[in-house]
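Student: The following block contains the structure, expressed as structure tokens.
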Amino acid sequence: MVAASINKVQRQSGGTAAALEAREITRSLPLGKERIDILHGINFRIERGEFVALIGPSGSGKSTVLGIIAGLDSPTDGRVLVDGVDITAMSEAQLATIRNQKIGMIFQAFNLIPTLTAQENVEVPLYVGKHEGSPADRAREVLELVGLGHRLDHRPNQLSGGEQQRVAIARALATNPAIVIADEPTGNLDAKNSANVLNLIRELRERTGTTFIIATHDPSVAAAAERVIRLYDGRVVGDGTPEEVGISEAAAAEKAAAGMVVSRGS
Ligand SMILES: Nc1ncnc2c1ncn2[C@@H]1O[C@H](COP(=O)(O)OP(=O)(O)OP(=O)(O)O)[C@@H](O)[C@H]1O
Ligand SMILES: [Mg+2]
């Protein structure tokens, strides 16, 4: 039903819907007797296949924006369109389907299920909703894609932090989502593992054409993105290439040198 409505909207818009569109998103929360405004009218349009970094100081609203565009939280006002479909108007059941079919999430703390093996963790989203083929085969395939074909039966506590994040990336990609949304995916990793995860994301994005939207404090992640959206105090204050938004190449290079070489790519 959701797929049918997506096709309908794409036909109506000539099939050129953005992967993701945020229109005038606001978010306010009650604080005692008052309300505080966290987001003040966020606008952006992200095309298919773009690699976008969302940056800004702590408290500027990055995680709030990601939660809203992933359909985990509702805006106070404004609209979010995924593939041209307004998700802000959806029921919880419809949203769950959209999240499962279209969106992969990666978190700072990996959020793997500790009692399941790497392979079983990646299979979980494939047992929810309809997906082609066997979950076990697909899980093995994506784990191989992230370089963990030899760790299928390891539980999270038998994996390094970098390996756990690669399992989480495999899980996010398992359903072949249009968009992967990551909240500080390198925040819990050392420089070397951060660089590995960043290289993996860039490689996966080139190979799969998946749209990546990544909130980060890590200048090497922001410098590797093709587009950077900068938030300040719940507003978009910059949107352009890393150079245009003032990402320091020097800081990124310093960070990369501490781990392994991260080339800027073409
Ligand atoms: N449930 C909540 N209740 C009250 N205030 C909240 C709530 N969630 C977030 N905030 C406030 O909203 C603002 C934005 O928070 P958000 O987590 O989106 O920031 P962030 O940019 O992700 O920060 P960080 O870089 O530290 O992760 C902050 O000032 C935060 O204190
Ligand atoms: Mg955050």
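Student: Kindly state which strands (runs of 3 or more DSSP E) lie completely within region 185-254 and contain at least 3 residues that are in contact (Cβ under 8 Å) with a residue 24 or more places away in the chain and within 19 Å of the chain's Cα centre (by Cα).
Tutor: So the answer is 211-215, 227-232.
Student: Right, here's the next one. Just the residues that are within 14 Å of ligand 2 (Cβ to nearest atom) and surrounded by 22 or more Cβ atoms within 10 Å (Cβ to Cβ), please, taken from region 207-220.
Tutor: Ile213, Ile214, Ala215, Thr216, Asp218 - these are the residues of region 207-220 that are within 14 Å of ligand 2 (Cβ to nearest atom) and surrounded by 22 or more Cβ atoms within 10 Å (Cβ to Cβ).
Student: How about region 74-84: which of its residues are β-branched (Val, Ile, Thr) and over 18 Å from the mean Cα position of the chain (by Cα)?
Tutor: Thr76 - this is the single residue of region 74-84 that is β-branched (Val, Ile, Thr) and over 18 Å from the mean Cα position of the chain (by Cα).
Table: residues versus (1) farther than 20 Å from Leu66 by Cβ; (2) in contact with a strand residue (DSSP E or B) (Cβ under 9 Å, 6 or more places away or on another chain); (3) modelled with pLDDT under 90.
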residue: Leu189; (1), (2), (3): no, no, yes
residue: Ile214; (1), (2), (3): no, yes, no
residue: Pro219; (1), (2), (3): no, yes, no
residue: Arg227; (1), (2), (3): no, yes, no
residue: Gly246; (1), (2), (3): yes, yes, no
residue: Ala250; (1), (2), (3): yes, no, yes
residue: Glu254; (1), (2), (3): yes, no, yes
residue: Ala258; (1), (2), (3): yes, no, yes
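Student: Can you name the number of the only condition in (1) over 18 Å from the mean Cα position of the chain (by Cα); (2) surrounded by 17 or more Cβ atoms within 10 Å (Cβ to Cβ); (3) within 16 Å of ligand 2 (Cβ to nearest atom) that Thr117 fails?
Tutor: So Thr117 meets the others, but not (3).
Student: Restricting to region 145-162, and then to whatever is modelled with pLDDT of 95 or more and not in a loop (DSSP other than H, G, I, E, B), can you tell me which residue is nearest to Leu112 (Cα to Cα)?
Tutor: Pro156
Student: Also, I was wondering about something else. Scan region 88-115 and report the pairs whose first residue is of a type in the set (D, E, K, R) and whose second residue is buried (at least 16 other Cβ atoms within 10 Å of the Cβ), with Cβ atoms within less than 7 Å and a gap of 6+ or a chain change.
Tutor: So the pair list comes out as Arg99/Ala70; Arg99/Gly71; Lys102/Val82; Lys102/Asp83; Lys102/Pro177; Lys102/Ala178; Lys102/Ile179.
Student: Going residue by residue through region 126-136, is there one that turns out to be among the hydrophobic types (A, V, I, L, M, F, W, C) and within 16 Å of ligand 2 (Cβ to nearest atom)?
Tutor: Looking through region 126-136, none of the residues is among the hydrophobic types (A, V, I, L, M, F, W, C) and within 16 Å of ligand 2 (Cβ to nearest atom).
The values are calculated or read from the model by the stated rules, or taken from the named source; none is laboratory data. All values reported here derive from a predicted model rather than from experimental measurement. Counting neighbours? That spans all protein chains shown, and the Cβs are built from the backbone with ideal geometry, glycine included.
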